Amino acid sequence: MSLLQAPTKTFFFASFLFRRDLVSEDSIKTMWEKKWGESFYFDHPFFPMKKYYSKEMGDSNLLQRLFGVSLNLQNRESFVQGKVWSTGKEIEMSQDKMGVKFRTVNIDLGCLSLENMQLATGKPYSHRIYLGKGVYSDLTYVFQNKSYKPLLWTYPDYREEEIIKFFNSVRKVLHKKILDLK
């Protein structure tokens, strides 16, 4: 029999894809930190989904990507509400152009734990687990042999060595914070 126990806390992070001509990096950071507190950031140029998002967000040359990681420990139960918040922010920051709404920012919320990394999504798929309120968990990495490892369905940008190294370094900070709680 397995005994039910509370999981360790996590860090929430987001991947922001935004129109740099319409939204500033500083405004993204301010919006994120107002909700999640002190954070640090990572910029990586590889984002193969730019063309996909440009259909909805406009010129792919104007799209910029930024990762933000909150340094505040979070309860995993807050993950669903975090996705609801991020979706609301995307809608709030949308603009009308000749009667058509388009997003100026895409916020992919994630949950980084010691054992894995998940992205929150509103799209069901065979490997995604329903969490509630229209939110699914997309398991993106598992932690094995001292590193996060991508899975068969992990998006190409999250397979990049530099991005995995970044999340491994974030995990070390998370681990220290969890140990400091004890």
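Points worth noting:
- Beta carbons closer than 8 Å, at least 6 apart along the sequence or on distinct chains, pair a first residue in the stretch 58-71 that is part of a loop (DSSP other than H, G, I, E, B) and at pLDDT 95 or above with a second that is surrounded by fewer than 18 Cβ atoms within 10 Å (Cβ to Cβ) and not polar (S, T, N, Q) for Leu71/Gly37; Leu71/Glu38; Leu71/Phe40; Leu71/Val173; Leu71/Lys177.
- Across the stretch 93-109, not a single residue is classified as in a helix (DSSP H, G or I) and under 17 Å from the mean Cα position of the chain (by Cα).
- Residues (more than 17 Å from Val69 (Cβ to Cβ), surrounded by 14 or more Cβ atoms within 10 Å (Cβ to Cβ) and out of contact with any Leu (no Cβ under 7 Å at 6 or more places or on another chain)) located in the stretch 150-182: Pro150, Thr154, Tyr155, Arg159
- Within the stretch 125-149, the only residue that satisfies the criterion of being loosely packed, with under 15 Cβ neighbours inside 10 Å, among the aliphatic types (A, V, I, L, M) and either under 19 Å from Thr8 (Cα atoms) or in contact with an Asp or Glu (Cβ under 7 Å, 6 or more places away or on another chain) (or both) is Val142.
- Index of the failed condition, Thr104 passing every other in (1) closer than 30 Å to Gln144 by Cα; (2) in contact with a Leu (Cβ under 9 Å, 6 or more places away or on another chain): (1)
- Filtered by the rule that a residue be among the polar types (S, T, N, Q) and either assigned to a helix (DSSP H, G or I) or surrounded by 14 or more Cβ atoms within 10 Å (Cβ to Cβ) (or both), the stretch 15-39 gives Ser15, Ser27, Thr30, Ser39.
- Only one entry of Leu63, Leu112, Leu73 meets the criterion of being under 16 Å from Phe12 (Cβ atoms) and buried (at least 17 other Cβ atoms within 10 Å of the Cβ), and that entry is Leu112.
- Only a single criterion out of (1) more than 28 Å from Asn168 (Cβ to Cβ); (2) of a type in the set (D, E, K, R); (3) touching a strand residue (DSSP E or B) at 6+ places or on another chain (Cβ under 7 Å) is not satisfied by Asp59, namely (3).
The values are calculated or read from the model by the stated rules, or taken from the named source; none is laboratory data. Quantities reported herein were computed from a predicted structural model and do not represent experimental measurements. Because the Cβ atoms are built from the backbone with ideal geometry, glycine has one as well, and the counts that use them run over all protein chains shown.
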